[in-house]
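The structure under discussion appears below in the form of C-alpha cells.
What follows draws every value from the coordinates through simple rules; no lab data is involved. Values in this document were obtained by computation on a predicted structure and should not be read as measured data. With ideal geometry, Cβ positions are generated from the backbone for all residues, glycine too; neighbour counts draw on all protein chains shown.
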Amino acid sequence: MRIVEVGPRDGLQNEKAPVPTDVKLRFIARLAEAGLKEIEATSFVSPKWVPQLGDAAELWPQLPPGPLYSALVPNQKGLARAIEVGVKRIALFTAASDAFTQKNINMTVDASLEVFRQVIASFRGAGIPPADQWMRAYVSTAFECPYAGRIEPGRVAEVANRLFEMGVDEVSLGDTIGVAAPVEVFRLADALDSRRKSQIAWHFHDTHGTGIANVSAALDLGYTAFDSSAAGFGGCPYAPGAGGNLATEDLVYFLERTGMPTGVDVDRMARASEEVLAVLGRAPTAKSQLAALAAAAKCAT
C-alpha cells in the first residue's frame, strides 16, 4: 500500500489563517514519525496567489530526513524556484474539465498540457540523477466539475494517457468536489489503461462521506496508491461547497482493519495535526482521529 500524504500542501493551501513555517515543519516531522513515507510538502506557486505556501523556499531545506518529499510546481518559474532549493520530485496540476482549468489556472486543459510539456522537458534536463527524478500529474474533476457537471470517463482517460505519453511517472485522479460513488470508480477504471494500474493514484474528497467506500472500490480493482490529508485538511476554493480531503487517519484505520499494513502508527497519526488545528482554531473532525484521541485521553485518566 502507498499513502501519499498531501496535508502540508493541498490541505493547508487554502487556509486563511497563516500557519508559521516552524509549525509546518513540526507537523511534517510528526507525520514522518507516524510512519508516512511520501509527503507532498509544499507548492512553488506564486505567493501572490497562494500566500499560505509562500515560504516554500524557506521550508524545503529544513525538511526532516526520512520520507520522500514532493512539491507542486505550476510552471517554468515555479520549477526554477523548486530546483534551486533541491526539489527532485515534482507534481503538476490539470483537470479533465476546461471550465475548471479556466477558473483555476486561466487556461484550457490543452493549454495546461502544453505548459506541462515544457516543464517536463526542463525538469528532465535539470541535471538531477535519473534515479532521483520523479514526477506526478494531478487530473482534477475526474468525476464531476462544479461548473461543467459530470465528466465522461473517456475524457479522463484521454488526459491521463496524454500525460503518460509526456513522461510523467504517476497520475493522481481527483474527485475534486467529493461527489463520486463506488460505481463511478468502477466506470472510470474501465476506461483507464489497465497496463498503467501501478502508475495510478486516487485522490478522494469526503464531502458526502463516500471517500472510504471509493477507496474500497479501487482496492477491489487492484489499485494500491491513495492520496489523503491529515485531519482531513483541505478543500477547493474553485469548487463551492467541497469538503476536505479524505482523512489520513480514516484511510489508515480502514486499511489496517482490512488487513493491509500501512506502516503508520494510528496514535501518532492522530496527534500529528494537533498543533496545526490549534493555530487554525479548529477542533478535530476526522472520525478515526477523534476515536484515537478519545482512547488516549481515557488511558491517561
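For Met260, put the label point 7 Å out on the Cα→Cβ axis and report which residues of segment 1-41 keep their amide N under 15 Å from it. Counting only backbone N, you get 1-5. By the rule of a C-alpha distance below 20 Å, with chain neighbours fewer than 8 residues away ignored, the lysines paired with Lys48 are Lys16, Lys24, Lys77, Lys103. For a modelled paramagnetic label at Leu68, 7 Å from Cα along Cα-to-Cβ, the residues of segment 130-146 in reach, with backbone nitrogen under 11 Å, are 132-136. For segment 36-48, the Karplus equation 6.51 cos²θ - 1.76 cosθ + 1.60, evaluated at θ = phi - 60°, returns couplings of 6, 9, 10, 9, 7, 8, 6, 9, 9, 6, 4, x, 4 Hz by residue, with Gly and Pro reported as x.
What shape does segment 17-146 take by its C-alpha gyration tensor, where a ≥ b ≥ c are the square roots of the eigenvalues and a/c under 1.5 counts as rounded, a/b above b/c as prolate, and the rest as oblate? Cα axes put segment 17-146 in the prolate bin.
How high is the relative contact order of the chain? Use alpha-carbon pairs under 8 Å, at least six apart in sequence, and give a whole percent. Please list the in-between numbers first.
Details: 594 pairs, mean separation 59.3, N = 301.
RCO, the chain: 20 percent.
Provide, for q = 0.09, 0.12, 0.15 Å⁻¹, the log10 of I(q)/I(0) from a solvent-free Debye sum over equal Cα point scatterers in segment 2-300. Cα-only, vacuum Debye calculation for segment 2-300: -0.39, -0.73, -1.20. The simple spin-label model puts a point 7 Å past each Cα toward its Cβ; for Glu84 and Asp132 those points are separated by 1.9 nm. A Cβ-based charge dipole, computed about the Cα centre of segment 2-300 with Lys and Arg at +1 and Asp and Glu at -1, lands at about 280 debye.
Estimated purely from DSSP H runs of n ≥ 4, each contributing -39500 (n - 2.57), the mean residue ellipticity at 222 nm for the chain is -12000 deg cm²/dmol once divided by its residues.
For a quick check: sort Phe123, Phe254, Phe44, Phe186 by the number of other beta carbons within 10 angstrom, fewest at the front.
Numbers: Phe123 23, Phe254 19, Phe44 27, Phe186 14.
With the fewest neighbours first, Phe123, Phe254, Phe44, Phe186 line up as Phe186, Phe254, Phe123, Phe44.
Here the calculated FRET efficiency for Lys48 and Asp169, from their Cβ-Cβ distance with R0 = 35 Å, stands at 0.75, rounded to the nearest 0.05. Between Arg2 and Lys37, the modelled label-to-label distance comes to 1.0 nm, taking each label 7 Å out from Cα in the direction of the beta carbon.
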